[in-house]
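Engineer: Sharing a structure, written as structure tokens. Questions coming.
The values are calculated or read from the model by the stated rules, or taken from the named source; none is laboratory data. Please read these numbers as outputs of a predicted model, since none were measured by experiment. Virtual Cβ from ideal backbone geometry, glycine too; neighbours counted across all protein chains shown.
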Amino acid sequence: MPQSADKILDHELLFREPEYQELFRSKKENFEFNHADVKVAEIRDWTKTKEYKDKNFAREALTVNPAKACQPLGAVYVANGFAKTLSFVHGSQGCVAYYRSHFSRHFKEPTSCVSSSMTEDAAVFGGLNNMIDGLANAYNLYKPEMIAVSTTCMAEVIGDDLDAFIKNSKQKGSVPAEFDVPFAHTPAFVGSHVTGYDNALLGVLKHFWDGKAGTAEPLVRSPDESINFIGGFDGFVVGNMKEVRRIFELFGAKVNILCDPSEVWNTPTDGEFRMYDGGTTKAEVEAALNAKATIIFQEYCCEKTARYIAEKGQEVVVLNAPVGVAGTDRFIMAIARLTGLPIPAQLEKERGQLVDALADSQAHLHGKRYALYGDP
Ligand code: SF4
């Protein structure tokens, strides 16, 4: 074998050795039953022809497997967007390990989230005791200022009632009676992570605006000039939220960002673990009821939330995330219209630069296409 302890070849070189080449050839011939190399080359050449190009551009519909995850993932995202808030998922540990690892791997930041660790007995007799113990542990160990509860499949299949369970837990002294525990049922077998985002955000808004599950008076709306912004489930939130804030600042507009996890998923690498960082504060959530309007990116992340906010008397502007210059224009124009403020000169300048850069890159692409297909 070409590989030895004295001379370790990287796979890229190793697989070019005759033994491996023979192995690949035999695998192809005896097990894979692929098309002949000549046929593959013939098809490859055909993909560079005008006939192929025309067929390709004539497509009218494209179906791609959507990258869907289950509802509680969206709920955990939402919890991370509020200041000093711990995400508490009522259900099994394995699910919660998945949410933590999913976000930690994506954002390259530790993501905190606890579960009520339901097991077989809880699945049969109900998870009330898990909730009572879980809330007490989470409150005492991690010292949050708010615990946002959601559910996994298991809790939903057996029909655990979060409202009743949280009230019971408070009576048993797991957390103080006035401690904020917004909740949302997030059955994972319905919808996807965007549905969970919607349910969880609605749960937080209802908690603060509608009297904290009967422990306070519902807030009364007193309209002001501020604008609410909801970004939706956004894998690029760390960069996007900074830009959104910058745009509102350039306008000089008062904005309440509802759910902002961009800080907790972008903590400095100084050796200090921050379980909580940034996020929308409780005071900001309460003030958001008075906003003049709410701008929402990603309409399907906020279907129920949008309806609820509109019922409170705010104008709701739903955009499908500002993709491209036209989308960004719609966002900027919406802020200008809602606030009555002029579009900042800086934004006009940046738009001009962007359009020029796009024109350059289009010309470059056109040149490339010409080289591939000739004059179209
Ligand atoms: S689909 Fe259900 S079991 Fe699977 S991770 Fe989501 S909540 Fe857990």
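Engineer: Scanning region 147-191 for residues that are within 12 Å of the ligand (Cβ to nearest atom) and among the β-branched types (Val, Ile, Thr), which turns out farthest from the chain's Cα centre (by Cα)?
Structural biologist: Val157
Engineer: Scan region 203-241 for residues that are surrounded by 22 or more Cβ atoms within 10 Å (Cβ to Cβ), out of contact with any strand residue (DSSP E or B) (no Cβ under 9 Å at 6 or more places or on another chain) and among the β-branched types (Val, Ile, Thr) and jot them down.
Structural biologist: Passing the criteria: only Val237.
Engineer: Which numbered condition in (1) surrounded by fewer than 22 Cβ atoms within 10 Å (Cβ to Cβ); (2) without any contact (Cβ under 8 Å) to a residue 60 or more places away in the chain is the only one that Pro182 fails?
Structural biologist: (1)
Engineer: Okay, moving on. Quick one: is Phe189 of a type outside the set (S, T, N, Q), assigned by TED's automatic domain parsing to the domain that holds Tyr98 and not in a helix (DSSP H, G or I)? Explain how you work it out, then say what you get.
Structural biologist: On the way: of a type outside the set (S, T, N, Q): yes; assigned by TED's automatic domain parsing to the domain that holds Tyr98: yes; not in a helix (DSSP H, G or I): yes.
Taking the combined requirement at face value, the residue satisfies it.
For (1) touching a Leu at 6+ places or on another chain (Cβ under 8 Å); (2) among the β-branched types (Val, Ile, Thr); (3) within 13 Å of the ligand (Cβ to nearest atom); (4) farther than 28 Å from Asn137 by Cα, each residue gets a yes or a no:
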site: Lys50; (1), (2), (3), (4): no, no, no, yes
site: Pro66; (1), (2), (3), (4): no, no, no, yes
site: Leu73; (1), (2), (3), (4): no, no, yes, no
site: Asn80; (1), (2), (3), (4): no, no, no, no
site: Phe107; (1), (2), (3), (4): no, no, no, no
site: Cys113; (1), (2), (3), (4): yes, no, yes, no
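Engineer: Looking only at region 247-300, filter to residues that are charged (D, E, K, R) and part of a loop (DSSP other than H, G, I, E, B); which one of those is surrounded by the most Cβ atoms within 10 Å (Cβ to Cβ)?
Structural biologist: Asp260
Engineer: Step by step: first the residues of region 82-105, then only those that are more than 11 Å from the ligand (Cβ to nearest atom) and in contact (Cβ under 8 Å) with a residue 60 or more places away in the chain, then the one that is nearest to the chain's Cα centre (by Cα). Which residue is that?
Structural biologist: For region 82-105, the residue satisfying everything is Phe103.
Engineer: So Asp198 ticks every box in (1) touching a helix residue (DSSP H, G or I) at 6+ places or on another chain (Cβ under 7 Å); (2) modelled with pLDDT under 95 but one. Which box is left unticked?
Structural biologist: Going through the list (1) touching a helix residue (DSSP H, G or I) at 6+ places or on another chain (Cβ under 7 Å); (2) modelled with pLDDT under 95, Asp198 breaks only (2).
Engineer: Okay, next question. Under 8 Å between Cβ atoms, which residue pairs at least 6 apart in sequence (or on different chains) link something in region 135-159 that is closer than 21 Å to Phe189 by Cβ with a partner that is among the charged types (D, E, K, R) and within 14 Å of the ligand (Cβ to nearest atom)?
Structural biologist: That search, which allows pairs on different chains as well, returns Thr151/Asp160.
Engineer: Okay, next question. What's the number of the only condition in (1) within 30 Å of Thr305 (Cβ to Cβ); (2) hydroxyl-bearing (Ser, Thr, Tyr); (3) in contact with a Phe, Trp or Tyr (Cβ under 7 Å, 6 or more places away or on another chain) that Tyr52 fails to meet?
Structural biologist: (1)
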